[in-house]
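Here's the structure we're looking at; comments come further down.
The values are calculated or read from the model by the stated rules, or taken from the named source; none is laboratory data. Here the structure is a predicted model, which means the values were calculated and not measured. Ideal geometry is used to build each Cβ from the backbone, glycine not excepted, and the neighbour counts take in all protein chains shown.
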Amino acid sequence: MRNLSVTSFLAHAVIGIALGLVILSALNISPANPVVYSITILLLVIGALIPDIDHEQSFATRVALLLATVLVMYVLSKQLEELSKLLFDNIIMQTIGVILAFIILNHVVNKFYRAVKPVHRGFIHSYSAAVIFTIAVYTLTANAYATLLLVLGYISHLWADGLFFKVT
Ligand SMILES: [Zn+2]
């Protein structure tokens, strides 16, 4: 199953980039410089991977769970710092404490994800979800170009899943 998810990760990334670049050239939009070009490719890839967030073994899910754990650590950083100072009296033990906290919180985040996870290729793999995704991204970023790229990636994923159903 591991191979399958790596293959589909690459397939979705490549299809996302291809579709994105074709649409951009059709719209007569060309990235201004190498930095914008790199960001363009990156956003297309991120968009193309997001729908598989409903699949436990996918690359997108693994990255998202890791980021969610980092976010929880960040939110709780004050409390964790107090706790580690209370429990451990030297910097090495405090560092080990931080690593242990990360492992425990990652476990909790994983458990939470499994409890609320939507069905694979359910709602998140629908064009209605793509519309909600578009509104959400534009509301959060207020950037039309970034929204366009993420949405093109997202739609390329749905399109690819429809064409090659074996791609997870
Ligand atoms: Zn998919």
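May I ask you to say which residue of Asn90, Asn106 is more than 23 Å from the chain's Cα centre (by Cα) and either at pLDDT below 90 or on the phi < 0 side of the Ramachandran plot (or both)?
Asn90
Flag: Ile23 matches the condition of being of a type outside the set (Phe, Trp, Tyr), more than 16 Å from the ligand (Cβ to nearest atom) and in contact (Cβ under 8 Å) with a residue 24 or more places away in the chain.
I'd like the residue in segment 109-121 that is in contact (Cβ under 8 Å) with a residue 12 or more places away in the chain and surrounded by fewer than 14 Cβ atoms within 10 Å (Cβ to Cβ) and, out of all such residues, is farthest from the ligand (Cβ to nearest atom). Of everything passing the filter in segment 109-121, Arg114 is farthest from the ligand (Cβ to nearest atom).
Going by what's in this entry, would Ile124 be described as among the β-branched types (Val, Ile, Thr), within 25 Å of Leu149 (Cα to Cα) and in contact (Cβ under 8 Å) with a residue 40 or more places away in the chain?
Numbers: among the β-branched types (Val, Ile, Thr): yes; within 25 Å of Leu149 (Cα to Cα): yes; in contact (Cβ under 8 Å) with a residue 40 or more places away in the chain: yes.
Yes; evaluated as a whole, the condition is true for this residue.
Scanning segment 28-50 finds one or more residues that are in contact (Cβ under 8 Å) with a residue 40 or more places away in the chain, surrounded by 11 or more Cβ atoms within 10 Å (Cβ to Cβ), within 16 Å of the ligand (Cβ to nearest atom) and among the small types (Gly, Ala, Ser).
Checking each residue of segment 59-68 against the condition of being assigned to a helix (DSSP H, G or I), under 21 Å from Val151 (Cβ atoms) and away from the ligand (no atom under 16 Å from the Cβ) gives at least one match.
Here's the yes/no breakdown for (1) among the hydroxyl-bearing types (Ser, Thr, Tyr); (2) in contact with a strand residue (DSSP E or B) (Cβ under 7 Å, 6 or more places away or on another chain); (3) within 16 Å of the ligand (Cβ to nearest atom):
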| position | (1), (2), (3) |
| --- | --- |
| Phe123 | no, no, yes |
| Tyr127 | yes, no, yes |
| Ile132 | no, no, no |
| Ala136 | no, no, no |
| Thr139 | yes, no, no |
| Ala142 | no, no, no |
| Leu149 | no, no, no |
| Tyr154 | yes, no, yes |
| Trp159 | no, no, yes |
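The set of residues in segment 111-136 that are closer than 17 Å to Ala60 by Cα and of a type in the set (A, V, I, L, M) comprises Val116, Val119, Ile124, Ala129, Ala130.
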